[in-house]
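The values are calculated or read from the model by the stated rules, or taken from the named source; none is laboratory data. Note that the structure is a prediction, hence the values are computed from the model and not measured. For neighbour counting, all protein chains shown are included, and Cβ atoms are generated from backbone atoms with ideal geometry for every residue, glycine included. Keep in mind that these areas ignore ligands, DNA and RNA; they rest on the heavy atoms of the full protein, side chains included. Shrake-Rupley method; radii C 1.70, N 1.55, O 1.52, S 1.80 Å.
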Amino acid sequence: MSRKVLLTGFEPFGPHLVNPSELLARSLEGRIVGGCVVGVRVFPVETRTLQDRIEAALREEQPAFVIGVGLAAGRAALGLERVAVNVLDFDIPDAVGTMRKNDPVQRGGPDGRLATLPLNEIVAAWGEAGVPGYVSDSAGTYLCNQWLYEALALTANAAPPIPTGFVHVPVLPAQAVQLGADRTPSMTLDLMRRGLETAIETIALLLDTKPTPSQRAGDKLWFPRGLREVER
Ligand code: PCA
């Protein structure tokens, strides 16, 4: 069975008539990148249904790893998110008019969840490929942050692990023209796509070369530090 990556985008929202994350995801649907089949979902910007949609996609696709993509107008480059916070605090309502102010994503959940993708390796690969990108320390408090928090919660106990993370993309050049070229950085769809392909290739390569924790435990080469001390 071939390895799958689940790639998700979002529909347009707020003032944006297109969402480059949707175009990107759809353009890679069914393609094979880094030896992985790309399974795609495009979600509406709806807070109430997001968790269920992510959960269904994970169940249906059984991916080896997961990348969410969303639009962050004003960003100058690809932003690989490091962390999701347990906060929903919207500037504008979601696509069906739901507003959240200072609410948790999950009541009683941890304050933050850290992305489980190899962040530094991906950013280094972007650099080599000529794709501007960086590790971002805030995914905001809107739907993309919610996506990352929910997806990390859903994959938290997966065995083998399912590396999961999120990439924020700038607007497309045509959107920057509309929004004011003097103040809106943009990136072409081709360059964004090269960035996503590079990220997928990097993760797939690491999954090939790094033994999974279960393999390591199986061949008895690895002990938790404390345990070895006690056994001596
Ligand atoms: N961007 C929004 C939600 C959907 C999207 O594409 C965000 O950054 O939260």
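For segment 1-36, which positions are open to solvent by 50 Å² or more (accessible area, probe 1.4 Å), away from the ligand (no atom under 15 Å from the Cβ) and at pLDDT 95 or above?
The answer is Arg3, Lys4, Glu29, Gly30, Arg31, Ile32, Gly35.
Please verify whether segment 10-25 includes one or more residues that are out of contact with any Asp or Glu (no Cβ under 9 Å at 6 or more places or on another chain) and charged (D, E, K, R).
no
Can you name the number of the only condition in (1) touching a Ser or Thr at 6+ places or on another chain (Cβ under 6 Å); (2) within 21 Å of Leu207 (Cα to Cα); (3) not in a loop (DSSP other than H, G, I, E, B) that Ala176 fails?
Among (1) touching a Ser or Thr at 6+ places or on another chain (Cβ under 6 Å); (2) within 21 Å of Leu207 (Cα to Cα); (3) not in a loop (DSSP other than H, G, I, E, B), Ala176 violates only (2).
Of everything in segment 155-172 that's more than 11 Å from the ligand (Cβ to nearest atom) and open to solvent by less than 50 Å² (accessible area, probe 1.4 Å), which residue is nearest to Leu23 (Cα to Cα)?
Within segment 155-172, the match that is nearest to Leu23 (Cα to Cα) is Leu172.
Any chance you could count how many residues in segment 137-154 are open to solvent by 10 Å² or more (accessible area, probe 1.4 Å) and of a type in the set (S, T, N, Q)?
Of the residues in that region, 2 qualify.
For segment 211-226, indicate whether the set of residues that are at pLDDT 95 or above, aliphatic (A, V, I, L, M) and either over 27 Å from Arg31 (Cβ atoms) or surrounded by fewer than 16 Cβ atoms within 10 Å (Cβ to Cβ) (or both) is non-empty.
no
List pairs: first residue in segment 194-206 and under 14 Å from Leu28 (Cβ atoms), second residue of a type in the set (Gly, Ala, Ser) anywhere in the structure, Cβ distance under 7 angstrom, at least six positions apart or on different chains.
These pairs meet every condition: Arg194/Ala129; Gly195/Gly133; Thr198/Ala125; Thr198/Ala129; Ile200/Gly34; Glu201/Gly34; Ala204/Gly34; Ala204/Gly35.
May I ask you to list the residues in segment 58-74 that are under 23 Å from Ser136 (Cβ atoms) and touching a strand residue (DSSP E or B) at 6+ places or on another chain (Cβ under 7 Å)?
Correct list: Pro63, Phe65, Val66, Ile67, Gly68, Val69, Gly70, Leu71, Ala72, Ala73.
Any residue in segment 79-95 that is open to solvent by 50 Å² or more (accessible area, probe 1.4 Å), touching a residue at least 60 places away in the same chain (Cβ under 8 Å) and away from the ligand (no atom under 13 Å from the Cβ)?
no
Considering each of Gly39, Gly109 in turn, give the residue that is at pLDDT 95 or above and over 15 Å from the mean Cα position of the chain (by Cα).
Unique residue meeting the criteria: Gly109.
Can you spot a residue in segment 94-113 that is in contact with a Leu (Cβ under 8 Å, 6 or more places away or on another chain) and closer than 30 Å to Ser2 by Cα?
Yes, the conditions are met somewhere in segment 94-113.
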